[in-house]
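Undergrad: Have a look at the structure that comes next, please.
The values are calculated or read from the model by the stated rules, or taken from the named source; none is laboratory data. These numbers were taken from a predicted model, which means no experiment stands behind them. Glycine gets a Cβ as well: all are built from the backbone with ideal geometry, and neighbour counts include every protein chain shown. Areas reflect the complete protein model, heavy atoms only, side chains present, ligands, DNA and RNA absent. Shrake-Rupley method; radii C 1.70, N 1.55, O 1.52, S 1.80 Å.
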Amino acid sequence: LNVIMELTVWLGLLASALFISISPGPGAIFSISQGTQYGFKRSIISIIGLQLGLMSQIIFLLLGLGILIDQFPGIFSIIKILGMLYLIVLGALQWFKKIEQISTSKDDFENSFSPLNSLLKGFFVNITNIKGTVFFLALIPLFVDLTSLNISTCVILTATLVGVDLFVMTGYLMLAEISKSLLSDPKKILWQNRVTGSILIFIGLIMGMT
């Protein structure tokens, strides 16, 4: 009976993680943007960055960030403001890219692509993702007793959340690769970047007002 109950709890966590990953957010927008510009293979490093950021959020929570934020709400506000500012700046940079900066030629992609830059961008998108933080603080305690954690529970929790997000973000990356041919015109790429930038700015503003 205990095993069945534990499986039920895990399935509930799995479903919740799938929902939060699939729902439009900074990670999904970032994955689609990277996949459209640099292709599937190159953009895998961006997805890895996203997962490193996600793992960091989980580790912070398991180390007691949830309790800390509950006792000192100001820390939550700082995280919220940093996330808002980062997304707005990232969106603005995306929006104001010049056509020549986003040319579809292979040479331009090779010159503009930086694995380390893509990794760090992905990391900061997720580490400052307030939607993820709220999800962790609100829902994880429903599935896991944070006051009596053990290593196996932490591993299962982290592997589930990261595994689901990795699967979903890779799906977004593949979707971007498939639609890339529809955006081969530099002017269309410019339009796509402005839409992406606007969405990132909008999400940042919404985060700041909620």
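Undergrad: Can you spot a residue in segment 22-39 that is open to solvent by 30 Å² or more (accessible area, probe 1.4 Å), at pLDDT 80 or above, in contact with a Ser or Thr (Cβ under 6 Å, 6 or more places away or on another chain) and closer than 17 Å to residue 116 by Cβ?
TA: So far as segment 22-39 goes, no, none of its residues is open to solvent by 30 Å² or more (accessible area, probe 1.4 Å), at pLDDT 80 or above, in contact with a Ser or Thr (Cβ under 6 Å, 6 or more places away or on another chain) and closer than 17 Å to residue 116 by Cβ.
Undergrad: Can we say residue 131 is part of a helix (DSSP H, G or I), modelled with pLDDT of 80 or more and surrounded by 13 or more Cβ atoms within 10 Å (Cβ to Cβ)?
TA: Numbers: part of a helix (DSSP H, G or I): yes; modelled with pLDDT of 80 or more: no; surrounded by 13 or more Cβ atoms within 10 Å (Cβ to Cβ): yes.
Considered against the rule, which asks whether it is part of a helix (DSSP H, G or I), modelled with pLDDT of 80 or more and surrounded by 13 or more Cβ atoms within 10 Å (Cβ to Cβ), residue 131 comes out as no.
Undergrad: Further question on the same structure: Considering only segment 41-60, state which residues are crowded, with 20+ Cβ neighbours inside 10 Å and among the hydroxyl-bearing types (Ser, Thr, Tyr).
TA: Correct list: 43, 46.
Undergrad: If we keep just the residues of segment 137-182 that are open to solvent by less than 30 Å² (accessible area, probe 1.4 Å) and more than 16 Å from the chain's Cα centre (by Cα), which is modelled with the highest pLDDT?
TA: 157
Undergrad: Of the residues that make up segment 60-73, is at least one at pLDDT below 70, over 22 Å from residue 203 (Cβ atoms) and not in a helix (DSSP H, G or I)?
TA: No, every residue in segment 60-73 fails to be at pLDDT below 70, over 22 Å from residue 203 (Cβ atoms) and not in a helix (DSSP H, G or I).
Undergrad: Out of the residues in segment 77-97 meeting the condition of being farther than 15 Å from residue 129 by Cβ and touching a Leu at 6+ places or on another chain (Cβ under 8 Å), tell me which one is modelled with the lowest pLDDT. Let's see the steps before the verdict.
TA: Going through segment 77-97, the residues farther than 15 Å from residue 129 by Cβ turn out to be 77, 92-97.
Add one more test, that the residue is touching a Leu at 6+ places or on another chain (Cβ under 8 Å), and what stays is 94, 97.
Numbers: 94: 74, 97: 70.
Ranking the qualifying residues of segment 77-97, first place goes to 97.
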